[in-house]
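Below is one structure, written out as structure tokens, with a few remarks after it.
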């Protein structure tokens, strides 16, 4: 019995044929070929999940920036309340979107990721009060994540903490910081 997996098809189907397999390949080799194709599909799923998670993070970052914007502060009290209620509703809806992708982490990696996320969150909050300083700090964080440093300034504490994170988390952190830097450059 030969099994064939169509990895280009988006439907979850496995074709099972009763015809004998290729005489050149053993059953194990054919099964390994099928598993190779499935593994490629799993990797595409992981990449898409990461992309969706990044999009959610961009939306939430934009909502935080909106709450801290001068434009909001220039509104009257009633208008500001309306906008904040709307922003809260959008934020709540966004937070219902979950694309859980399990990244294997040990306890030290979990703690490091928590510290890094807290540092980035503090940077986002600082953005309204000090856009220039926030941009510079974001750049030092981004430089800490990269082997190609834009300027010779890195935050060594941040770098050590990021290096203690899992490799998948390091990639995500770098993308998040790049998105934040792009946002700062675009909106300040």
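No other residue among 97, 115 is at pLDDT below 95 and within 19 Å of the chain's Cα centre (by Cα) apart from 97. Checking each residue in segment 30-53 for being surrounded by fewer than 16 Cβ atoms within 10 Å (Cβ to Cβ) and under 18 Å from the mean Cα position of the chain (by Cα) picks out 42, 43, 44, 45, 46, 47, 48, 49, 51, 52.
Considered as a group, the residues in segment 68-79 that are in a helix (DSSP H, G or I) and surrounded by fewer than 15 Cβ atoms within 10 Å (Cβ to Cβ) include one that is modelled with the lowest pLDDT, and that residue is 70.
Only one of the listed residues (157, 161) is part of a helix (DSSP H, G or I), without any contact (Cβ under 8 Å) to a residue 40 or more places away in the chain and at negative phi. That residue is 157.
Only one of the listed residues (65, 87) is part of a helix (DSSP H, G or I), in contact with a helix residue (DSSP H, G or I) (Cβ under 7 Å, 6 or more places away or on another chain), modelled with pLDDT of 90 or more and under 26 Å from residue 138 (Cα atoms). That residue is 87.
Please work out if residue 112 is in contact (Cβ under 8 Å) with a residue 40 or more places away in the chain and either under 18 Å from residue 128 (Cβ atoms) or exposed (fewer than 15 other Cβ atoms within 10 Å of the Cβ) (or both). Answer is no for this residue. Residues satisfying the criterion are absent from segment 164-172 (criterion: loosely packed, with under 12 Cβ neighbours inside 10 Å, more than 18 Å from the chain's Cα centre (by Cα) and either more than 22 Å from residue 108 (Cβ to Cβ) or at pLDDT 85 or above (or both)).
The values are calculated or read from the model by the stated rules, or taken from the named source; none is laboratory data. Model, not experiment: these values are computed from the prediction. A quick note on method: Cβ atoms are made from the backbone with ideal geometry, for glycine too, and the neighbour counts reach across all protein chains shown.
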